[in-house]
Amino acid sequence: YRNFAFEVRANYISGDYIGLIFCKESADSYYLFTINTNNTYKLLRNVDANINDAVPLASGNVSFTSMGYIAVVVDNGAISLYFNQQLIGRTSDSAFTHGQIAVLAGNDTNAAHALFTNARVWQL
């Protein structure tokens, strides 16, 4: 996808965060947007196989809820981040302009689980 909006309903079950991967150009080149159970969010540009090398692009506070909508809008390098249909962050980065999309549930130490439904993608 290129210049698109991607939204999905997430039902958190366990783990540390839920999120979206977008503009995935290769196995190690993509953007990662996470909503964390500690009431924070972050957007990273992953550049290699080591997630610790990821470039932070945006972060902030958000009211985590176990069920909600996560969305991202990508428009010519402008990236807008949404949680529960509220704009929570904006940044610009044009390192990756197109690619695959995915959902994820993650945990730093144990297994993570989430149910994702109502995924929608549309071109701008």
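The values are calculated or read from the model by the stated rules, or taken from the named source; none is laboratory data. Just so we're clear, the structure is a prediction, and the values are computed from it rather than from any experiment. Ideal geometry is used to build each Cβ from the backbone, glycine not excepted, and the neighbour counts take in all protein chains shown. The accessibility values were calculated without ligands, DNA or RNA, using every heavy atom of the protein model including side chains. Shrake-Rupley method; radii C 1.70, N 1.55, O 1.52, S 1.80 Å.
Filter region 57-86 for residues that are among the β-branched types (V, I, T) and either part of a loop (DSSP other than H, G, I, E, B) or more than 11 Å from the chain's Cα centre (by Cα) (or both) and give the result.
Residues satisfying the conditions are V62, T65, V74.
I'm trying to understand the selection: among the residues of region 24-64, which are among the hydroxyl-bearing types (S, T, Y) and open to solvent by 60 Å² or more (accessible area, probe 1.4 Å)?
Once the filter is applied, which keeps residues that are among the hydroxyl-bearing types (S, T, Y) and open to solvent by 60 Å² or more (accessible area, probe 1.4 Å), region 24-64 yields S59, S63.
Are any residues in region 65-87 open to solvent by 40 Å² or more (accessible area, probe 1.4 Å) and closer than 24 Å to D16 by Cβ, and if so, which ones?
T65, S66, M67, Y69, Y82, N84, Q85, Q86, L87
This table checks each residue for (1) among the aliphatic types (A, V, I, L, M); (2) more than 23 Å from R2 (Cβ to Cβ); (3) modelled with pLDDT of 95 or more.
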site: C23; (1), (2), (3): no, no, yes
site: T37; (1), (2), (3): no, yes, no
site: A49; (1), (2), (3): yes, yes, no
site: G68; (1), (2), (3): no, yes, no
site: D75; (1), (2), (3): no, no, yes
site: G89; (1), (2), (3): no, no, yes
site: A102; (1), (2), (3): yes, no, yes
